[in-house]
Structure formats: structure tokens, C-alpha cells
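The values are calculated or read from the model by the stated rules, or taken from the named source; none is laboratory data. Note that the structure is a prediction, hence the values are computed from the model and not measured. Every residue, glycine as well, gets a Cβ built from its backbone with ideal geometry; the counts of neighbours run over all protein chains shown.
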Amino acid sequence: MKDIRTITLDLDDTLWEIHPVIKRAEERLHAWIDQHYPRITEMFGPDDLRILRAEILEEYKEHTHDLTYVRRMVLTRLGEAAGYGDSYVDDAFAVFSEARNDVSLFPEARPALISLRERFRLVAVTNGNADLEKIGIGELFDGVVSAEMAGAAKPASAIFDMAVAVGGASAAQTLHVGDHPLYDVHGARDAGLKAVWVNRNGDKWPGEYHSPDAEVQNVGELHDLLEQS
């Protein structure tokens, strides 16, 4: 991993744990809708929402990479079915977004980002819709590339190609860091980048994917790893 100039970083489950965040955000959204648009919660239960989301993903296959679009479309369908229309969607999504960006960074994440940015350009690469400014780490990154921006989600090469362009170095001089074997490591390696697997739980590597160039337990170990390269 010599001659690395840019580090691209996954966000969810790499810099913070995402599942409790989404669970809390959906609970807050549900409570808000129940208070302001009660016919929706009267008509639709959890199973109904899962079915509706699956229908939208099937109907709008060209937008499956865009989680914001999909969620807003679900809200639109709910409002229309309950007789409220879609005028509430912006407010509803804002409730979700506020909670979705209320994350707790892993303890090592911020110090690691500060240290790495002294030597490398840092670019966030995400399939999600996290807002780094709201989270409070926007100033630690030189750029952000989302699936919505790239028109494709990881592991597609298009999102990594855009990240490489934003980073300003070649693919071979770009290191991607993430927790997912397929979306992060395999996708990055397939696009010509180096890749480090963040394996917090000590999982076994799935042999059907391109192997990572290195493995760490958390991003706090990246500094020493790159110092040794």
C-alpha cells in the first residue's frame, strides 16, 4: 500500500453503528406521523410498509440505489392512500433525517480522521444519506460521494470511479476503507483501488470476494498500518 495519496471511507458501520440509528429514526418518524397524520398509522402496519417498500423498489428499479428517493416515495404513497396527498413529505423526511444524522461516532473515529487528514485527502463514499455537516465531521473530509450522486451504489465501479476523481489521485493511489466485504472491499478492488477491511467482530473473510489488502479492527489502526507500508 505504498504511494497512497487518497483514502476513501465508508461511513455506516465503519465510523458509527448504523442499525440503532435507523431504528430510532424510524420510531421518531412513526410517532410524528401518528401525531400529525394519524390515518396513515391506522391504515398501515409494519408488514404493510415492508410490502409497499418492496413494491416501490420493483417499480422504480432505476432508483434503487437512492435511499432518499425510495423513502420519500414510500411517504408519498402513504399520504396519498390516506387522503393527505404528498404535501407532508418534506416535513416527514426532515424528521427522519434529523434522527438519522444523530449518530455516535466510534471512540477512535474522530481522532483517526484528524490524524489521517494530515497526510491524505479523505473522501467519504456511502450508499446511504448521512449528512456529514449535521453529524459534525464535514470539515474532516475533502469530499463526499454518495450513491445518489454517482447514480450507482457500492459495489458498482461507478461510485468508486467518482470517488477516485474527487480524491484527485489514481485508483492505484487510492485506498478504500470499509466494513462490508462485498460493497466495500470487493467493490473497491474491482475498481482498481486498494482496500482495507474494517472487521470489528473478528468475522471470517468470505472467500468468494476479492481479498482485502489489509485488515483492521477499527479505523484507529489505520495510522500505524500506513506508517508501516
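Regarding V164, is this residue closer than 13 Å to I7 by Cβ and either in contact with a Cys (Cβ under 6 Å, 6 or more places away or on another chain) or outside any helix (DSSP H, G or I) (or both)?
Here the answer is no, as V164 does not meet what is asked.
So which residues in the range 25-49 are loosely packed, with under 14 Cβ neighbours inside 10 Å and either of a type in the set (V, I, T) or assigned to a helix (DSSP H, G or I) (or both), if there are any at all?
Result: E27, A31, D34, Q35, H36, P38, E42, M43, P46, D47, D48.
Quick test of your reading of the structure: A99 fulfils all but one of (1) over 23 Å from P20 (Cα atoms); (2) of a type outside the set (D, E); (3) not in a loop (DSSP other than H, G, I, E, B). Name the failing condition by number.
(1)
Got at least one residue in the range 167-177 being under 13 Å from the mean Cα position of the chain (by Cα) and in contact (Cβ under 8 Å) with a residue 60 or more places away in the chain?
yes
Might you let me know whether the range 72-85 holds any residue that is among the hydroxyl-bearing types (S, T, Y), modelled with pLDDT of 95 or more, over 15 Å from the mean Cα position of the chain (by Cα) and over 30 Å from Q228 (Cα atoms)? Show your work before the answer.
Restricting attention to the range 72-85, the residues satisfying the condition of being among the hydroxyl-bearing types (S, T, Y) are 76, 84.
Among the residues that remain, those that are also modelled with pLDDT of 95 or more are: 76, 84.
From the residues that got through so far, the ones that are over 15 Å from the mean Cα position of the chain (by Cα) too are 76, 84.
Checking the rest, the ones that are also over 30 Å from Q228 (Cα atoms) come to 76, 84.
There is at least one residue in the range 72-85 that is among the hydroxyl-bearing types (S, T, Y), modelled with pLDDT of 95 or more, over 15 Å from the mean Cα position of the chain (by Cα) and over 30 Å from Q228 (Cα atoms).
Touching a residue at least 40 places away in the same chain (Cβ under 8 Å) and crowded, with 16+ Cβ neighbours inside 10 Å: which single residue out of L52, L75, L105 fits that description? Give the derivation first.
Values: L52 fails: touching a residue at least 40 places away in the same chain (Cβ under 8 Å); L75 fails: touching a residue at least 40 places away in the same chain (Cβ under 8 Å).
On inspection, the qualifying residue turns out to be L105.
Could you figure out which of (1) crowded, with 17+ Cβ neighbours inside 10 Å; (2) assigned to a helix (DSSP H, G or I); (3) out of contact with any strand residue (DSSP E or B) (no Cβ under 8 Å at 6 or more places or on another chain); (4) of a type in the set (A, V, I, L, M, F, W, C) isn't true of A94?
(1)
How about the range 102-129: which of its residues are part of a helix (DSSP H, G or I) and closer than 16 Å to T8 by Cα?
Residues satisfying the conditions are A109, R110, A112, L113, I114, S115, L116, R117.
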